[in-house]
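The values are calculated or read from the model by the stated rules, or taken from the named source; none is laboratory data. Note that the structure is predicted; figures quoted are calculated from it, not measured. We place every Cβ from the backbone using ideal geometry, glycine too, and count neighbours over all the protein chains shown. Side chains are part of the model used for accessible areas, which takes the heavy atoms of the whole protein and leaves out ligands, DNA and RNA. Shrake-Rupley method; radii C 1.70, N 1.55, O 1.52, S 1.80 Å.
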Amino acid sequence: MQVIRKASIFTFLLRKMKTVVGMVVSNKMQKSVVVAVDRLFHHKLYNRYVKRTSKFMAHDENDHCNIGDRVRLEPSRPLSKRKNWIVAEIVTKARIYQPPSPSASAAAPLDTNS
């Protein structure tokens, strides 16, 4: 009878998992983000490419990720029930809209004499 250790199962799964690139869709948790990863596959019956989205929870140690950031995830040991990925790097930061400051609008007075 062969005894299988948990450590050997985890190392096997880590070798099987590949790094993925996705978009951050939620960062409301502490040190965790939810990343949506898109993949394309060929549908044999319809002879078309179909897009599927998977959501992964990932560990973000320093809370640098914001919604809309494109990140690269690497597999890791299980950190919690659903968290098996670590944010390796932020590929591109999201451009965040910043409304004009109130001091800029005060500099141009409105004409109310009409």
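The figures follow:
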| quantity | calculated |
| --- | --- |
| Net charge over other residues, Cβ less than 12 angstrom from the Cβ of Tyr49 (K, R count +1; D, E count -1) | +4 |
| Net charge over other residues, Cβ less than 9 angstrom from the Cβ of Asn27 (K, R count +1; D, E count -1) | -2 |
| For the range 28-88: accessible area per residue (Å², 1.4 Å) | 73 Å² |
| Label point distance in nm, Arg95-Arg72, each placed 7 Å from Cα along Cα→Cβ | 2.4 nm |
| Loop chymotrypsin sites (Phe, Trp or Tyr not before Pro), the range 17-102, which have at most 15 other Cβ atoms in a 10 Å radius of their Cβ (DSSP) | Tyr46, Tyr97 |
| The range 57-98: trypsin sites (Lys or Arg not before Pro) in DSSP loop, at most 14 other beta carbons within 10 Å | Lys81, Arg82, Lys93, Arg95 |
| Charge tally in the Cβ shell below 10 Å around Ala88, where Lys, Arg are +1 and Asp, Glu are -1, Ala88 excluded | -1 |
| Phe41-Ala88 pseudo-label distance in nm [points 7 Å out on the Cα-to-Cβ vector] | 2.2 nm |
